[in-house]
Amino acid sequence: MTKKISIIIFVIFISMLYVGLSHNSRLVQSPLIDKKLPEFSLPVLQSDISADISVFPDDIFLLNIWASWCVECIREHRVLNLIKEERKIRLIGINYKDSKKDAVGWLKIYGNPYEYNIFDKDGQLGIDLGVYGVPETFLVDKNKVIRAKYIGVINEDIYYNEILPTIDKIKDDY
Amino acid sequence: MSSLLIILPTNTHGDNIKNEKLYNKVITELRCMVCQNQNIAESEAPLAVDLRKKVKKMIDNGKDEDYIKKYMSDRYSDFILYDPPFRSQNALLWIGPFIFLLILTFILFRKNISK
C-alpha cells in the first residue's frame with residue numbers, strides 16, 4: 001500500500017517537473033488577450049499626423065513592435081516583407097523607443113512592409129501593451145480586440161502554421 | 001539606488017517621505033521581466049528603468065500600491081509580481097505543500113499502526 005502511494009507520488013512529482021521544464025518560462029501569456037487595444041495619442045512615423053486608436057483599420061491586422069536597435073528584428077523583417085507581398089493580412093508597425101532618423105533609415109535599408117508606423121518614442125504604448133521583448137506582434141481583430149500575441153521573431157513556421165490558421169478561425173467567427 | 005531617491009517629488013515633507021517609502025517598496029516587489037530574477041529596483045535594463053519611471057509617475061499622481069500592482073499585472077501578467085495572488089492556476093503551489101504534509105502524515109501514521 002505504502003509502496004503504491006510512494007510510486008504514485010513519485011510519478012506525479014516527475015510529471016510536474018516534466019511539464020514545468022518543457023514550457024518556456026520566459027514566454028509569459030499576455031493578460032491582454034481578448035482585451036481591446038489601449039488608448040494612445042502618438043505621432044505617425046514619416047508624417048506629421050498625430051494618431052490615436054481610431055487610425056487602426058476595422059479589419060483584422062498584425063501590429064508589429066520593432067526598433068532599429070533590435071538585432072533580432074532584422075531577421076524578422078524578411079518574413080514581414082513576405083507577409084506584405086502575400087497580402088493575406090494587413091501589417092501596421094509600432095516603432096518602439098527609437099530615434100526617428102534611425103527608424104526611417106532602417107526601413108530604407110531593410111524595406112518597409114508596414115502600412116504606417118506609430119512612433120512610440122518613450123515606450124508608453126509599449127508599457128500599455130505589456131511589451132518586454134522586442135520584437136513582439138499582436139493579432140488584432142476588426143473590433144480592435146487583441147486575439148493573439150507572438151513574443152520574439154516571427155518566422156515562416158509561425159506565420160504559416162500559427163498566424164494564418166488563427167486568422168482563418170477568427171474570420172470564421174464573423 | 002541612492003540616485004533614485006533624489007528624483008522623487010518635492011511636495012510637502014511628510015508626503016515626500018511617505019511617497020518615497022511607497023516607491024521603494026513597490027519597485028522591490030515588481031519583477032524585471034527581462035532579467036534573471038531581479039526586481040526593477042536592482043536592474044538597469046531599459047524596461048526596468050521605464051517601469052520605475054512609470055511607478056514614480058503614478059505615485060506622484062496619488063495612486064496607491066494596489067492600483068500600481070494591478071496596473072502592472074494587467075499588462076505584464078502576475079509574473080511581474082513577486083508576491084502573486086492566489087488563483088486557480090497557481091492553487092497547487094499554494095496548497096501543494098500542505099497536501100504533501102497531510103499525505104506524509106497519513107502514511108507514517110498507518111505505518112506505525114500496522115507495526
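The values are calculated or read from the model by the stated rules, or taken from the named source; none is laboratory data. From a predicted model like this one, the values you see are computed outputs, not experimental measurements. Glycine gets a Cβ as well: all are built from the backbone with ideal geometry, and neighbour counts include every protein chain shown.
The table for this structure:
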quantity	calculated
Residue list for segment A:40-84, restricted to those being part of a loop (DSSP other than H, G, I, E, B) and within 16 Å of the chain's Cα centre (by Cα)	A:56, A:60, A:67, A:70
Failed item, numbered, when residue B:13 is tested on (1) modelled with pLDDT of 85 or more; (2) away from chain A (no Cβ under 14 Å)	(1)
Check on residue A:109, among the hydrophobic types (A, V, I, L, M, F, W, C) and in contact (Cβ under 8 Å) with a residue 40 or more places away in the chain	no
Among the residues listed as A:34, A:98, the single one being in contact (Cβ under 8 Å) with a residue 12 or more places away in the chain, out of contact with any Gly (no Cβ under 7 Å at 6 or more places or on another chain) and within 16 Å of residue A:136 (Cα to Cα)	A:98
Residue list for segment B:26-47, restricted to those being among the aliphatic types (A, V, I, L, M), at the interface with another protein chain (Cβ under 10 Å from one of its Cβ atoms) and in a helix (DSSP H, G or I)	B:47
Selection status of residue A:88, in a loop (DSSP other than H, G, I, E, B) and charged (D, E, K, R)	yes
All positions within segment A:100-126 that are within 14 Å of another protein chain (Cβ to nearest Cβ), in a helix (DSSP H, G or I) and surrounded by 20 or more Cβ atoms within 10 Å (Cβ to Cβ)	A:125, A:126
Checklist (1) under 20 Å from residue A:126 (Cβ atoms); (2) of a type outside the set (A, V, I, L, M, F, W, C); (3) at the interface with chain A (Cβ under 10 Å from one of its Cβ atoms) applied to residue B:89, failing item	(1)
Matching residues, segment B:58-86, being part of a helix (DSSP H, G or I) and either more than 10 Å from chain A (Cβ to nearest Cβ) or loosely packed, with under 11 Cβ neighbours inside 10 Å (or both)	B:58, B:59, B:60, B:65, B:66, B:67, B:68, B:69, B:70
Flag for residue A:5 being in contact with a strand residue (DSSP E or B) (Cβ under 6 Å, 6 or more places away or on another chain), β-branched (Val, Ile, Thr) and either under 19 Å from residue A:93 (Cα atoms) or surrounded by 12 or more Cβ atoms within 10 Å (Cβ to Cβ) (or both)	no
Qualifying residue in segment A:148-164 (condition: touching a strand residue (DSSP E or B) at 6+ places or on another chain (Cβ under 8 Å) and assigned to a loop (DSSP other than H, G, I, E, B))	yes
Test result for residue B:113, part of a helix (DSSP H, G or I) and either of a type in the set (Gly, Ala, Ser) or at pLDDT 85 or above (or both)	no
Residue ID - nearest to residue B:92 (Cα to Cα), chosen from residues in segment A:20-38 that are within 11 Å of chain B (Cβ to nearest Cβ) and at pLDDT below 85	A:20
Any chance residue A:71 is under 27 Å from residue B:46 (Cβ atoms), in contact with a strand residue (DSSP E or B) (Cβ under 9 Å, 6 or more places away or on another chain) and among the β-branched types (Val, Ile, Thr)	no
Segment B:93-112 residues that are within 12 Å of another protein chain (Cβ to nearest Cβ), paired with ones that are surrounded by 11 or more Cβ atoms within 10 Å (Cβ to Cβ) and not aliphatic (A, V, I, L, M) (beta carbon under 6 Å, 6 or more apart)	B:107/A:2
